[in-house]
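Here is the structure we will look at.
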Amino acid sequence: MKYIQRIKKKKIISIMTNTTTSLLLLILFLFFQIGCNKKEDNKSKALATLIVQNVIPRVDGIEYDELQLPVKYEDFFSVRVSPRARIRYSNGSYSKYFNLEYKTLYRTGDTDVFQNTVGAIKDKTGKNILEADGSTRVSVQPDANSIFYRNGKYHLMTHFENYPGVAYLTELEKKSDGSYNPKRFRFVDFSSIEGTAFLCAASHTSWDTHLSGEEDYIFDAYYYDSQVAALFGSNTKLLHVSRAPCSSIEPWTCEQWDNMRSYTGTDYTQINPYNYGYITEISVDSKLNTSVKRHYSMGKFTPELAVMMPDNRTAYMSDDGSFSGFYMYVADRANDLTSGSLYIAKWTQTSAYPTTSTTLPATYPDGTPTIKGDTSDGGKGALTWVKLGSATDAEIKAIVDKKPTLSDIFQIGNVGGTTTGGTKASCAALGTGYKLITAGAYDIEYRGITMCLRLRDGNNGTTISSKFSSQAEVLKAAAFLETRKYGGYLGGTTEFEKEEGVVYNPDANVLYIAMGRLRFGMDIVGSSSFGPSGGDDHIQIDRNDCGAIYQVALNGSQNDTNGSPIGSTYVGTEMKSILTGRRLNAGEVYADKNRCHPDFISLPDALNYHRGTLYIGEDSSSHFNNTSWAYDTRSKKLTRIMTIPPRV
């Protein structure tokens, strides 16, 4: 197998290789090879029969030797991988051991023979964006990869987490020893969709395209609305609302705005924030030309990535940041994400509430009496799905082009004169239809900002903005342009924290989700100064800043919260923690270099799955050395297989 390393804020594209690749391919070839004549067909049928009867064992997984923690000084500052691995077969036997090694494929800033510099950031005309000293601006943040096979060669699609977003297609040339060298770097042009922003994780579809998550931290429409500025403009928690020049309260945000201006040529006060924050699909044709689509019908939030289910219609999307949602999209047609229906999950907790909660109920959600216990393992809850709406990409793009504002979609109520004040009661007192939510829009500490909103759909004494032609168009704008806020408004859960990687396990028909931290909206009332999702507080678990992996059970024949059939056989029904990190206290072993114990996960991020093994990559500042893990989903054994140097 090839394990593509994903390292945020590093400038190395690399692979961890082993000789099991050829062996696995050979095994699969022998198992499924079909001859061109009757005699060969009979051999193939006989071989298939032996496989079904388990006479010839099947590959059941890969086991790795544990990589020990760094000891020597140089080990802390070098990439290290598990020394060896072996194949496990279905009959319990094993292959011989295969040695593993780490190789650098290329570094951002490398140039091919055609003078293409990989990672170079370009403007909408295709010209390199320059630094102040005249040098080419190069990304050091490769964040996702896909492999394409075209014309007898492999090509690596890599996108970079920057404003503006960048992607390159790298032609790989196979050497005589079986390894690969980059031969040519091809820039992916996003000008047809007005550029892209902060491409995070990605997945590869079964119809051979690359799905990118377009995180939109600086493009929440809340920051660009004049009504918000009028109500709360003096509040420093707003980062940058209607401030010119850009506020120094959050320098990183100002820097990213400046970077986007380098691409668009437009000042940030003139940018349409609804242009960004969606799932973006990249296709590669036989001539290695790339084309891009932004899927507006999959909703705008802060998408980490979208992962397709085997029906090629159902997608699950994670939402990075604080006070976030978890989303499901069901396309109208297989292999086509240009139209479909969008849902947000509602968590109903079924595990015990922590006994330290200041609002411990008399009974748990499942009706059992309150007893002592905790949810330090991350807890579990039943999932139901709130339908936000159905639309086509073209319909939503037409609305985006009208340049609506947040206050065209919602009336924004002033509760207590601050963005963080107010209660459900004080919000409701403003009038029928007002609801208190906390859903995205981050202050200087990246917490959610509580808002009192009322939908401007013509009901409850509201008027429909002139930007919209009908009530139906208002509802589509709310569902697909303000997906997270509207989801909270309709009762969905917007309390998840740092949702990262998502991957499907076909062997058990479950999803895995990496939750970078369990805090803010997820932890219990009274355990921190951060409030729940508009006071609803769906999730009440013990705080864990080291994160967790959750498993989602999937079932068919489910209805949404309105009682309508969802129309997918891959609907999540239960979400439970299966693996957590452990916080270190001052004075404990390893606490001199780590905030989270190095023998446990910390801020899990990238996920992959293969034959019983869940692969976990970290994006953590709580481990001195970020780690990649192999987690055996059957034996529950966690094995360290890679450590990388600290961020620089």
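The values are calculated or read from the model by the stated rules, or taken from the named source; none is laboratory data. Just so it is clear, the structure is predicted and the values come from calculations on it, not from any experiment. As a convention, Cβ positions derive from the backbone with ideal geometry for all residues, glycine included, and neighbour counts pool all protein chains shown. The protein model used for the area step is the full one, side chains on, heavy atoms only, and it has no ligands, DNA or RNA in it. Shrake-Rupley method; radii C 1.70, N 1.55, O 1.52, S 1.80 Å.
Looking at this structure, is Ile541 within 30 Å of Asp599 (Cα to Cα), in contact with a Leu (Cβ under 9 Å, 6 or more places away or on another chain), at pLDDT 90 or above and not charged (D, E, K, R)?
Criteria not met by Ile541.
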Practice task
Can you tell me which residue within region 466-490, out of those that are touching a Lys or Arg at 6+ places or on another chain (Cβ under 6 Å) and of a type outside the set (D, E, K, R), is farthest from His204 (Cα to Cα)?
Solution key: Tyr489
Exercise for the section: Sort out which residues of region 161-188 are open to solvent by less than 80 Å² (accessible area, probe 1.4 Å) and charged (D, E, K, R), and write them in order of number. Expected result: Glu161, Glu171, Lys183, Arg184, Arg186
Practice task
Identify the single condition in (1) crowded, with 19+ Cβ neighbours inside 10 Å; (2) hydroxyl-bearing (Ser, Thr, Tyr); (3) farther than 26 Å from His204 by Cα that Ser139 does not satisfy, given that it satisfies every other one.
Solution key: (3)
Handout entry: Only one of Asp110, Asp123 that is of a type in the set (D, E, K, R), in contact with a Gly (Cβ under 9 Å, 6 or more places away or on another chain) and open to solvent by 40 Å² or more (accessible area, probe 1.4 Å)
Key = Asp110
Problem - Selection count, region 286-296, where residues are open to solvent by 30 Å² or more (accessible area, probe 1.4 Å) and either within 14 Å of Asp189 (Cβ to Cβ) or in a strand (DSSP E or B) (or both) - result: 4
Practice task
Mind counting the residues in region 611-621 that are open to solvent by 10 Å² or more (accessible area, probe 1.4 Å) and modelled with pLDDT under 95?
Solution key: 3
Exercise for the section: Would you be able to tell me the number of residues in region 67-98 that are acidic (Asp, Glu) and open to solvent by 70 Å² or more (accessible area, probe 1.4 Å)? Expected result: 1
Fill in the blank from the handout: Among residues of region 468-500 being in a loop (DSSP other than H, G, I, E, B), polar (S, T, N, Q) and touching a strand residue (DSSP E or B) at 6+ places or on another chain (Cβ under 7 Å), the residue farthest from Lys387 (Cα to Cα) is Thr494
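For every residue, the table says whether it meets (1) touching a Ser or Thr at 6+ places or on another chain (Cβ under 7 Å); (2) buried (at least 20 other Cβ atoms within 10 Å of the Cβ); (3) without any contact (Cβ under 8 Å) to a residue 24 or more places away in the chain.
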residue	(1), (2), (3)
Met298	no, yes, no
Met309	no, yes, no
Asn312	yes, no, no
Asp336	no, no, yes
Practice task
Inspect region 3-12 for any residue being modelled with pLDDT under 50, touching an Asp or Glu at 6+ places or on another chain (Cβ under 8 Å) and under 30 Å from Tyr590 (Cβ atoms) and give the result as yes or no.
Solution key: yes
Exercise for the section: Would you check if Ser283 is among the hydroxyl-bearing types (Ser, Thr, Tyr), open to solvent by 10 Å² or more (accessible area, probe 1.4 Å) and under 16 Å from Ser203 (Cα atoms)? Expected result: yes
Handout entry: Glu101 touching a His at 6+ places or on another chain (Cβ under 6 Å), surrounded by fewer than 22 Cβ atoms within 10 Å (Cβ to Cβ) and part of a strand (DSSP E or B)
Key = no
Fill in the blank from the handout: Taking region 272-305 and keeping residues in contact with a strand residue (DSSP E or B) (Cβ under 8 Å, 6 or more places away or on another chain) and over 18 Å from Glu482 (Cα atoms) leaves Glu281, Ile282, Ser283, Val284, Asp285, Ser286, Leu288, Thr290, Ser291, Val292, Lys293
Fill in the blank from the handout: region 380-448: strands (runs of 3 or more DSSP E) wholly inside it with 1 or more residues that are of a type in the set (Phe, Trp, Tyr), modelled with pLDDT under 95 and under 24 Å from Tyr217 (Cβ atoms) are 435-442
Practice task
Within region 189-204, work out how many residues are open to solvent by less than 60 Å² (accessible area, probe 1.4 Å) and within 14 Å of the chain's Cα centre (by Cα).
Solution key: 6
Practice task
Hey, can you tell me all the residues within region 561-573 that are crowded, with 18+ Cβ neighbours inside 10 Å and closer than 24 Å to Ala352 by Cα?
Solution key: Gly572
Exercise for the section: Kindly check whether there is at least one residue in region 480-495 that is more than 28 Å from the chain's Cα centre (by Cα), open to solvent by less than 10 Å² (accessible area, probe 1.4 Å) and at pLDDT 95 or above. Expected result: no
